[in-house]
């Protein structure tokens, strides 16, 4: 008859044996699969920048960011919206590294509010009239076209985006803003929605930043009617480092890169260096 001690020998031995087998299998699995957790850790350890970028500049900034990511081995995430909406997001979220609004007025406001540590000019924005390709309705550059009711018009909302704010400034100088808003089919959030209205034939006439007409595919569907500079002067694009940044040196290097000769050349291809 086996004693109590002897009766436990076989089960304990079996547990030890199974533990050894499981350990060996885990080791072999790691060996054959190449321990795939290592690349994940590498990706997660990359420095990150969060950029708040107005819709008009987003395609150009994305290309700049792709180049910078390779140079600095980092990741750049871009939040795109109307400049006014982005300004409110910065206030609410209190996170992020850089801000690029569609006109210098928003940057000046951020500086007054103590949100920006440093900024520099990287390009230009200019408001223009946008019509269908070939201007089939022979629309002129006369701003009264926005109030006569002859054409279907769409405008940017002054509260949400830089082009809406710029439109209000231009139309206020002409004394037609209220009439133009009443005549418009709708007020769009940002330059992307404005451009869609012409491209998808919802509207005949709108006012937008000239760079929006150069987005991929847009030049096929739309044409630009330039306004006199006394009516629609060029606006400096200011890129600023936010005080909430956790990577101030990296953010500053991206700002400097965007304002460099290489950055200017790229931005000019998108109609932002004129």
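The values are calculated or read from the model by the stated rules, or taken from the named source; none is laboratory data. This is a predicted model, so every value here is computed, not measured. Positions of Cβ are generated from backbone atoms using ideal geometry, with glycine treated the same way; all protein chains shown enter the neighbour counts.
Structural remarks
- Yes/no for residue 240 being on the phi > 0 side of the Ramachandran plot and either in the same structural domain as residue 82 (by TED's automatic domain parsing) or modelled with pLDDT under 95 (or both): no
Residue-wise test of (1) in a loop (DSSP other than H, G, I, E, B); (2) assigned by TED's automatic domain parsing to the domain that holds residue 136; (3) exposed (fewer than 14 other Cβ atoms within 10 Å of the Cβ).
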| position | (1), (2), (3) |
| --- | --- |
| 230 | yes, no, yes |
| 244 | yes, no, no |
| 251 | no, no, no |
| 254 | no, no, no |
| 263 | no, no, no |
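- Residue within segment 214-224 that is surrounded by 19 or more Cβ atoms within 10 Å (Cβ to Cβ), touching a strand residue (DSSP E or B) at 6+ places or on another chain (Cβ under 9 Å) and outside any helix (DSSP H, G or I) present: yes
- Screening segment 139-202 for helices (runs of 4 or more DSSP H) wholly inside it with 1 or more residues that are at pLDDT below 95 and over 18 Å from residue 233 (Cα atoms) returns the ranges 191-199.
- Being at positive phi and touching a residue at least 12 places away in the same chain (Cβ under 8 Å) holds for only one residue in 259, 175, 271, 263, and it is 271.
- Test: residue in segment 190-207 that is surrounded by fewer than 14 Cβ atoms within 10 Å (Cβ to Cβ), over 19 Å from residue 157 (Cβ atoms) and not assigned by TED's automatic domain parsing to the domain that holds residue 64: yes
- When segment 133-154 is filtered for residues that are touching a helix residue (DSSP H, G or I) at 6+ places or on another chain (Cβ under 6 Å) and within 15 Å of residue 200 (Cα to Cα), the ones remaining, listed by number, are 133, 153, 154.
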